[in-house]
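The values are calculated or read from the model by the stated rules, or taken from the named source; none is laboratory data. Predicted model, so just to flag it, every value in this text is computed and none were measured. The area values use the complete protein model at the heavy-atom level, side chains included, leaving out ligands, DNA and RNA. Shrake-Rupley method; radii C 1.70, N 1.55, O 1.52, S 1.80 Å.
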Amino acid sequence: MNIILLGPPGAGKGTQAQRLVDERDMVQLSTGDMLREARTSGTEMGQKVAAIMDAGELVTDEIVIGLIEEKLQSANGGGFIFDGFPRTLAQADALDALLEKNGQSLDAAIELRVDDEALVHRIVNRAKEAAAAGKPVRADDNEESLKIRLMEYYKKTSPLIGYYYAKRQHHGIDGLAEIEAVAGELKKTLDSL
Ligand code: AMP
């Protein structure tokens, strides 16, 4: 089963993806993680995207599509969870084409719905908790970048909700509930596919 987790920054996509990896042997493909890795290892691409990411803007479609294409070749156990990808309509089209090329298809795009105030709260808390635990704080987890990230989400990513709705692949769940409750809803959705 191949699914997309859709939703604004801070909606809990990464947290839920991690649970699916543990419970269903699925493979998480997070373009955000891949880009952060490229930065840490200091690749040319990593250096190129650093400032864009810190500002909260989207990197080019070409870069993230390339990253996903590479990973789609790998074994995928119980299927792929696309986390933070696609974020534009061009990426969504590219994903369809890449999956088809590999004889695969998408089963669902599951939207984690949350409201904006709760998001800002979550992200600012995520930064505070990381700092308190002595963990690195994401450079884009501050209110300034967050505003841009949210704007990018509404301008470029939220049209995907309509796109997948029209393709009859959209499912919405309440992302504001407790982690366990969201996981339960997600499980129900996956079991219904
Ligand atoms: P994330 O960890 O998903 O919040 O991603 C962190 C940052 O990486 C984003 O704010 C973008 O700058 C970049 N990024 C991650 N995924 C994508 C994508 N699919 N398209 C464009 N930029 C992305």
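Percent of C-alpha pairs per 10 Å bin in the chain, short distances first: 9, 36, 40, 15, 1. Ligands, DNA and RNA left out, the accessible area of the range 1-95 computed with a 1.4 Å probe is 49% carbon and sulfur.
Annotation: amide H-H contacts under 5 Å for Q28 (H modelled 1.01 Å from N, sequence separation of 5 or more, or interchain): I81.
Cross-linked pairs K13/K71; K13/K155; K147/K187; K71/K101; K101/K188; K71/K147: Cα-Cα separations exceed 21 Å for K147/K187; K101/K188; K71/K147. Only Cα pairs under 8 Å and 6+ residues apart enter the sum, and on that basis the relative contact order of the chain stands at 32 percent. For the set K147, K167, the ranking by accessible area, highest first and with no ligand, DNA or RNA atoms included, is K147, K167 under a 1.4 Å probe. Mean separation of Cα pairs under 8 Å and 6 or more residues apart, divided by the residue count, gives the range 90-178 a relative contact order of 46 percent.
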